[in-house]
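The values are calculated or read from the model by the stated rules, or taken from the named source; none is laboratory data. Because the structure is predicted, anything quoted here is derived from the model rather than measured. Cβ placement follows ideal geometry from the backbone for every residue including glycine, while neighbour counts extend to all protein chains displayed. Accessible surface areas use protein heavy atoms only, side chains included; no ligands, DNA or RNA. Shrake-Rupley method; radii C 1.70, N 1.55, O 1.52, S 1.80 Å.
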Amino acid sequence: MDTAYLIETVIKVVVILLIFSALAGIGTYFERKVLAFMQRRLGPMYVGPYGLLQVAADGVKLFTKEDIIPTNVVGRIFKIAPVITAATAFMAAAAIPFLPSFTLFGYEVHPIVADINIGILYILGIMGVGLYGPLLGGMASANKFSLLSAARGAAVFISYEVVTGLSILAPIMMVGSLSLVDFNNYQIENGWIIFNMYGVGFVAFILFWIAAFAETGRTPFHLIANDHEIIDGFGTEYSGMRWGLFFIGEYANMFFISFVIPLLFLGGYGDGSFLGALALLGKVAFFFFFFLWTRAAWPDVRPDQLMWLCWKVLMPVAVINVVIAGFLMMF
Amino acid sequence: MNNEQFNNRNVSEDGYFQVEIKDYPTTGWDKFKRVVQRTFRIELFVGLWVVLREMIVFNKHTISYPEEKMPIGPRYRAVHEMKRLWESDAERCIGCGLCEKICISNCIRIDTKIDENSRKEVSEYTINLGRCIFCGYCAEVCPELAITHGGEYENASDQREHFLLYEDMLTPIDKMKAGAQLEFEGFGAITPHEDERVKKTPLAY
Ligand code: SF4
Ligand code: SF4
């Protein structure tokens, strides 16, 4: 491991951290604006032009607010839980190729921190670890709403995680590799995966997309921290920057999932041209927008409905999908 | 305006309609059919389209409150005003104390004294807005149309007792001179066209 490689990796890590922390903040601004427009309101308008600096105002508020550790909580776990959520969200980003490689000052840059050969497995695994944030935070909070939310989190987690894993099995069988870079190269030659194998890819795409909503806890499956039932769930007892970390983790997760979906199913960044990179960003923007869009349009489901959906509908469909993919590849 | 639409209470004729709700499926096959139907009817996308359309049309229905304000009705019961006579610009209040008597939250306090012309004059008059419920009884009971409600509703205060003084409520004299005093149309006001309904007092007793 030479020094240049080390420096390059450190720079990449810092850049990704900075960009996606900022994006998480701007994401909240877009969420408010999009929701407001869809509900025929204006959204934030007073801090900065068109409310653009609202993010900064929120940041100032979160950073300067008192960090309250309530009595009866399990102090150490209570303090570490938000860090788990935020840290795992960013750790998952290590295996995501954000852009095609490009040349900067005669030096070839690969915008991926580590192209490990178990890429997608690593990403899903780390995102799964992220669930310990809500789970531990909720259980350590000494608050019944938080406890309910932690219980829901655990129940939901085992449901959707099965679907996530099974749904990407078919694409993995097609590509024969777990690295997202290999996924991208496969799709350059064989076309986008959602159009491959007579609809098998498309079904896998839909299943993964649905599971992504559960993974990030967005609206149709926003039941771990459902404001109108259990206040803020695991976040009820948190204040200031600790709560902010949960928030950053959630939004960073949304962005990363929005990267993973097009990389897996929609051709990724294509052949590495500038146009391909733009197309990838466009796809990411669409998936992120879709998260906000559904929040304005769709109602939430109950936990039992989500589990019913995952176990009785999506999992059988995913299994059948994998079997069909196997047969198609055999003959 | 005719009141027909408000007086017609028989709404079942034209207002209500029966929502069709099917019985819940009991057998497994029926349940399965319902799931398949719901999955492939694209109702979710109808919802998506509705909100997207609202976003594109961009016909917002809110107002930017501190800069814009909703027009309020002339009968709106907000912070009180004390009116002056049109003829002499003198204060209308005769210090009868009826408003203090009727106020159901006991928030008006009035004190009077005899002035140099041997006339009754209001020396103290306060309304505790922290207790006032803006019921309008004071405006209704006032025989002189002196105390009325006004249109000022931005009366936030940093304390619970917020007193409104007589001088603050009274129409300023320069505004009165300019003829800009507005009569209150709500509680206690004279009904329109009252002049035509007044009968001459028979003098020949
Ligand atoms: S509006 Fe009602 S509560 Fe308020 S001062 Fe008049 S009588 Fe009293
Ligand atoms: S405001 Fe009206 S009711 Fe009250 S004391 Fe004056 S004249 Fe009488």
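When B:Met70 is tested against (1) within 14 Å of chain A (Cβ to nearest Cβ); (2) under 19 Å from B:Phe184 (Cα atoms), exactly one condition is not met: (1).
When B:Thr62 is tested against (1) in contact (Cβ under 8 Å) with a residue 24 or more places away in the chain; (2) at the interface with chain A (Cβ under 9 Å from one of its Cβ atoms), exactly one condition is not met: (1). Would you check if B:Tyr166 is of a type in the set (Ser, Thr, Tyr), touching a residue at least 60 places away in the same chain (Cβ under 8 Å), under 15 Å from B:Ile94 (Cβ atoms) and touching a strand residue (DSSP E or B) at 6+ places or on another chain (Cβ under 7 Å)? Answer is yes for this residue. Against the criterion of being open to solvent by less than 70 Å² (accessible area, probe 1.4 Å) and within 16 Å of ligand 1 (Cβ to nearest atom), B:Gly28 does not qualify.
Please state which one of B:Glu67, B:Glu87, B:Glu124 is acidic (Asp, Glu), in contact with an Asp or Glu (Cβ under 6 Å, 6 or more places away or on another chain) and open to solvent by 90 Å² or more (accessible area, probe 1.4 Å).
On inspection, the qualifying residue turns out to be B:Glu124.
Scanning segment B:66-109 for residues that are away from ligand 1 (no atom under 16 Å from the Cβ) and not assigned by TED's automatic domain parsing to the domain that holds B:Gly179 gives B:Pro66, B:Glu67, B:Glu68, B:Lys69, B:Met70, B:Pro71, B:Ile72, B:Gly73, B:Pro74.
Looking only at segment B:164-179, which residues are open to solvent by 50 Å² or more (accessible area, probe 1.4 Å) and away from ligand 2 (no atom under 16 Å from the Cβ)? Steps first, answer last, please.
Taking segment B:164-179 first, the residues open to solvent by 50 Å² or more (accessible area, probe 1.4 Å) are B:165, B:167-168, B:172-175, B:177-178.
Within segment B:164-179, B:Pro172, B:Ile173, B:Asp174, B:Lys175, B:Lys177, B:Ala178 meet the criteria.
Taking the condition without any contact (Cβ under 8 Å) to a residue 60 or more places away in the chain and of a type outside the set (D, E, K, R), does A:Met91 pass? Taking the combined requirement at face value, the residue satisfies it. Taken together, A:Phe183, A:Phe213, A:Phe208 contain a single residue that is touching a residue at least 60 places away in the same chain (Cβ under 8 Å) and under 24 Å from A:Asp304 (Cβ atoms), which is A:Phe213. Flag set for A:Gly267, criterion: more than 14 Å from chain B (Cβ to nearest Cβ), in a loop (DSSP other than H, G, I, E, B) and under 29 Å from B:Ile56 (Cβ atoms). Of the listed requirements (1) over 25 Å from the mean Cα position of the chain (by Cα); (2) open to solvent by less than 30 Å² (accessible area, probe 1.4 Å), A:Gly59 misses just one: (1). Among the residues making up segment B:139-155, those that are open to solvent by 10 Å² or more (accessible area, probe 1.4 Å), within 9 Å of ligand 2 (Cβ to nearest atom) and farther than 16 Å from B:Gln181 by Cα are B:Val141, B:Cys142, B:Pro143. Test A:Phe290 against the criterion of being within 14 Å of chain B (Cβ to nearest Cβ), at pLDDT 90 or above, open to solvent by less than 40 Å² (accessible area, probe 1.4 Å) and in a helix (DSSP H, G or I), and give yes or no. Against the criterion (within 14 Å of chain B (Cβ to nearest Cβ), at pLDDT 90 or above, open to solvent by less than 40 Å² (accessible area, probe 1.4 Å) and in a helix (DSSP H, G or I)), A:Phe290 qualifies.
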